[in-house]
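Engineer: Sharing a structure below in structure tokens format, with a few things to ask.
The values are calculated or read from the model by the stated rules, or taken from the named source; none is laboratory data. Treat the numbers as computed from the prediction; the structure is a model and nothing was measured. Neighbour counts are summed over all protein chains in view; Cβ atoms, including those assigned to glycine, are modelled from backbone coordinates with ideal geometry.
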Amino acid sequence: MKTYLLSFGLGGLLASSSVAWLFLVLPVALILAALKSKSVFCHVLMVLVGLGWVLINLALVEQSALDTNEKPYRDTVVGSISRVAQKANKTEFDLDTPSGKIKASCYRCPLSFSDGEEWRLALRFKPILNLYNPGGFDYRKWMLAKGYVVTATVDSKSPVNKRLQWQGVTLRGYVSEIIDVKRTPILRALLLGDKAGLKADEQRLINRAGISHLFVVSGLHISLAALLVVMAVAWLQRPFIVRHWRFSHVVSLVLGLTVAALYGYLSGMNTPAIRALIMLVCAFFILWGRKNISALVYWLLALVFVLIVSPLAFTGLGAWLSFGIVLALIVGMSGVEDNSGLSLGDSRMQSFIRSFKRYLLGLFRAQWFAFFAGGVILIVFNVPVTPISFALNICLIPVVSLFVVPLAFIGVATALFGDVTLLLFVEQLLVNFIRQMHELEGAIFSPFMVHDDNRYLVVTSFLLFLLPRSLRAYPLAALILLLALIMKSDKPDVGAFKLMVFDVGQGSSALITTRSHSILIDTGYGKRASLGMADYIVLPYLRKLGLAQLDKVFLTHDDADHAGGVGALKSRYISLTRQGSCQEESWEWDEVVFHQFQSPEYKIGNNGTCLLRVESKNGASVLFAGDIEKKAERSLIKHYPQLLQSDVLLVPHHGSKTSSSSGFLNTVNPSLAIISAGKLNHFGHPHSEVIARYDDRLVKIYSTGSHGAVEVEFSPRQAARIVSTYRPRDQYE
């Protein structure tokens, strides 16, 4: 039975990864297996069933969601509110309707929403869209896996908006008020997994330190909640044991499991919570029946159950990490034998010391497995692996599990009766801890920086570190890891450069790399209070290139869609050029010439954009024009006509009709134009009349909204340029 469950799980995992094409191969394998033996046939069949189950569900949710080519529209809907999250100037919530779940936002919202309420709302609907970048995050698939079919914004001024039903204060709403996002944001993240109240710097720190799993409601939290309840209920039942009460352990286990399920519900029932609850349920029945069954069986049952009830769970990183690390912990802890050598003559202190040493050995071995198994998953998903996280988790997991979380639970219990002293005390402890980590961030939280060409060497090395010590694979693993870190990757020739224009939605960001230097031009949209495009797109790409540090960050101007992500790049660049410090200047890197300049008549706003022209050894050039408008274009034509001439133009102001005047295009005279604009953006960029001006001049146009990220390679010798786009061709507009 276990092997059949494993086969089904394997098929589901294969379908959730990039090898779903096996669905075409497995029928042939099924026929060959039928010719060999019935057992092999049944196992291949179960793999095929698991594969088909996930792929069919993926097709169904894709069909139910609003098509990506549908234009935004307005409508009035009635639905139930859940998962309300308050941010700086925005309220986010889920709206459950008969047609599916909607991810809704209300900006500067005068309306107040609470869990369980039923509302009639005027909404502007927009399909769930992807940003297409090399190795980029599949946002649409991630949202579909969570059950969303469309995104929407509330027309907060519409008179049709009305609360139709108020169910009173729900338990989830009451707990949410106690662990308030403004008063206790870190504690809320720790206990409920809700990171909405964390500052962007705090979220980046948690991710870089490799402790983000502590801020996801998973086995650690749910098991502790259940254990505390079981211990408390068992203690309260002591007087009944004297009267031959035989159901003490049953009552304790049932109440513990009930509280664990309630905790999972309050936290939103994410995949790690579901996995932990299933393993607890299995453990409950096994303990009730007093049977000795391996923890691997619990894990396998949880895996299959999650795939059945949530087939798309493994399309994202979270489920892979949750199950992968728990499996590693089980294997790691099971490898510690009870060789403490206790004897009848040992004192209690000696017994304690031996038990404590065994615990430390088990913790070290479990974290060893968890670090390298988690590292494999993170590297495959292009997420940073921080070496210090190994030691950090060894120290933090016991502290958090034995001290912080139990204390926090007690604080919540006392807060239910009106005393928030302990709750605020635990929050202050966490604040001080985060503050101390911030001071050490630059020194110790440095991730592996390996070029994408060498990524699978690191994966191979990590897998070898997971093998038993008896195989003596550690020296080979260390050698392969060293090779991955020092092996040189493919870089532009001297005199050449590579331009990558990122698909950052409605904003702008591009990277130029020469033989040994790099410069980031703009960062995409971002705000101090939340993660932005630099976190989700720019930094992952820098990791793919193995770039630990940029030579320069160049901000064309200070609008949030161009400069908002500079905070995410803190300590990642040597120099910074902003709009206010844009003196005319030239420099040369690897025989590639850079020239920055600005209209003499404008210093602020769109027209005060700081322009950058980059020229290869053979004279091919690209011009970054920021958000200049027609007034600045006329001024630049007057003062810098030679510098404006370029082969490739980053179209000014995202293709707005306020820019790209005929005189400007005649002066630049590009053969290729790249527009950085979001698909279906509410500005209508790029405007049709602007596109017509480029078409009249036979300029080849690429748009990030239509083509995804655009890469242009400038050769040092030939005039020909190599252009690559990252949106699949069958999805071009």
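Engineer: Restricting attention to the range 155-175, which residues are hydrophobic (A, V, I, L, M, F, W, C), at pLDDT below 80 and not in a loop (DSSP other than H, G, I, E, B)?
Structural biologist: Once the filter is applied, which keeps residues that are hydrophobic (A, V, I, L, M, F, W, C), at pLDDT below 80 and not in a loop (DSSP other than H, G, I, E, B), the range 155-175 yields Leu171, Val175.
Engineer: Just one of (1) of a type outside the set (Phe, Trp, Tyr); (2) farther than 30 Å from Leu321 by Cα; (3) at pLDDT below 75; (4) assigned to a helix (DSSP H, G or I) trips up Ile286, so point out which.
Structural biologist: (2)
Engineer: If we scan the range 49-71, do we find a residue that is among the polar types (S, T, N, Q) and either over 27 Å from the mean Cα position of the chain (by Cα) or modelled with pLDDT under 80 (or both)?
Structural biologist: no
Engineer: While we're looking at this one, here's another question. Which one of these is of a type in the set (A, V, I, L, M, F, W, C) and crowded, with 24+ Cβ neighbours inside 10 Å: Ile637, Ile628?
Structural biologist: It is Ile628.
Engineer: Under 9 Å between Cβ atoms, at least 6 apart or on separate chains: pull out the pairs that start in the range 387-399 with a residue that is part of a helix (DSSP H, G or I) and end on any residue that is charged (D, E, K, R).
Structural biologist: Note: pairs meeting the criteria are Ser389/Arg208.
Engineer: With the requirement that a residue be under 27 Å from the mean Cα position of the chain (by Cα) and aromatic (Phe, Trp, Tyr), what does the range 476-511 give you?
Structural biologist: Residue satisfying the conditions is Phe502 alone.
Engineer: Residue check: is Val44 surrounded by 15 or more Cβ atoms within 10 Å (Cβ to Cβ), β-branched (Val, Ile, Thr) and either at pLDDT 85 or above or assigned to a strand (DSSP E or B) (or both)?
Structural biologist: No; evaluated as a whole, the condition is false for this residue.
Engineer: Kindly provide the set of residues from the range 102-156 that are of a type in the set (Asp, Glu) and crowded, with 19+ Cβ neighbours inside 10 Å, ordered by number.
Structural biologist: Asp115, Glu117, listed by residue number.
Engineer: While we're on this one: When you scan the range 596-617, do you find a residue that is under 25 Å from Tyr132 (Cα atoms) and surrounded by fewer than 22 Cβ atoms within 10 Å (Cβ to Cβ), even just one?
Structural biologist: No, that holds for no residue.
Engineer: Related question: Name the pairs: first residue in the range 659-681 and in contact (Cβ under 8 Å) with a residue 60 or more places away in the chain and within 26 Å of Pro72 (Cβ to Cβ), second residue surrounded by fewer than 22 Cβ atoms within 10 Å (Cβ to Cβ) and basic (Lys, Arg), Cβ to Cβ under 9 Å, at least 6 apart or on different chains?
Structural biologist: Short answer, once both residue conditions are applied: Leu680/Lys71; Leu680/Lys126.
Engineer: Starting from the range 181-210, take each residue that is within 23 Å of Leu539 (Cβ to Cβ) and list its partners that are of a type in the set (Lys, Arg) and assigned to a helix (DSSP H, G or I), counting only C-beta distances under 6 angstrom and pairs at least six apart or across chains.
Structural biologist: Note: pairs meeting the criteria are Gly197/Arg188.
Residue by residue, here is whether (1) in a helix (DSSP H, G or I); (2) surrounded by 21 or more Cβ atoms within 10 Å (Cβ to Cβ); (3) of a type in the set (Lys, Arg); (4) under 26 Å from the mean Cα position of the chain (by Cα) holds:
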residue	(1), (2), (3), (4)
Glu177	yes, no, no, no
Lys182	no, no, yes, yes
Gly197	no, yes, no, yes
Ala232	yes, no, no, no
Trp235	yes, no, no, no
His249	yes, no, no, no
Gly256	yes, yes, no, no
Ala260	yes, yes, no, no
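Engineer: Same structure, new question: Could you give every pair whose Cβ atoms fall below 8 Å, whose first residue belongs to the range 688-707 and is among the hydroxyl-bearing types (Ser, Thr, Tyr), and whose second residue is assigned to a helix (DSSP H, G or I), counting only separations of at least 6 or pairs across chains?
Structural biologist: Final answer for the pair search is Tyr694/Leu665; Ser703/Gly655.
Engineer: Continuing with this model, one more query. Within the range 315-329, is even one residue in a loop (DSSP other than H, G, I, E, B), assigned by TED's automatic domain parsing to the domain that holds Leu214 and at pLDDT 70 or above?
Structural biologist: For the range 315-329, residues in a loop (DSSP other than H, G, I, E, B), assigned by TED's automatic domain parsing to the domain that holds Leu214 and at pLDDT 70 or above: present.
Engineer: Right, next: Taking the options Val380, Val399, name whichever one is assigned by TED's automatic domain parsing to the domain that holds Ala319 and within 20 Å of Phe215 (Cα to Cα).
Structural biologist: Criteria check complete, one pass: Val399.
Engineer: So the check is Cβ under 8 Å with 6+ separation or different chains; which pairs have a first residue in the range 309-336 that's farther than 17 Å from Phe369 by Cα and a second one that's outside any helix (DSSP H, G or I) and among the charged types (D, E, K, R)?
Structural biologist: Taking only residues 6 or more apart or on different chains, the pairs are Thr315/Asp138.
Engineer: Another question, if that's okay. Is there a residue being in contact with a strand residue (DSSP E or B) (Cβ under 9 Å, 6 or more places away or on another chain), among the polar types (S, T, N, Q) and under 27 Å from Ser99 (Cα atoms) anywhere in the range 40-63?
Structural biologist: So far as the range 40-63 goes, no, none of its residues is in contact with a strand residue (DSSP E or B) (Cβ under 9 Å, 6 or more places away or on another chain), among the polar types (S, T, N, Q) and under 27 Å from Ser99 (Cα atoms).
Engineer: Go through the range 490-521 and count every residue that is in a loop (DSSP other than H, G, I, E, B) and touching a residue at least 40 places away in the same chain (Cβ under 8 Å).
Structural biologist: Total meeting the criteria: 16.
Engineer: Is one or more of the residues making up the range 476-489 buried (at least 21 other Cβ atoms within 10 Å of the Cβ) and either assigned to a loop (DSSP other than H, G, I, E, B) or out of contact with any helix residue (DSSP H, G or I) (no Cβ under 9 Å at 6 or more places or on another chain) (or both)?
Structural biologist: No: zero hits.
Engineer: Another one. Before we move on, is Val412 assigned to a loop (DSSP other than H, G, I, E, B), surrounded by fewer than 20 Cβ atoms within 10 Å (Cβ to Cβ) and in contact with a helix residue (DSSP H, G or I) (Cβ under 8 Å, 6 or more places away or on another chain)?
Structural biologist: no
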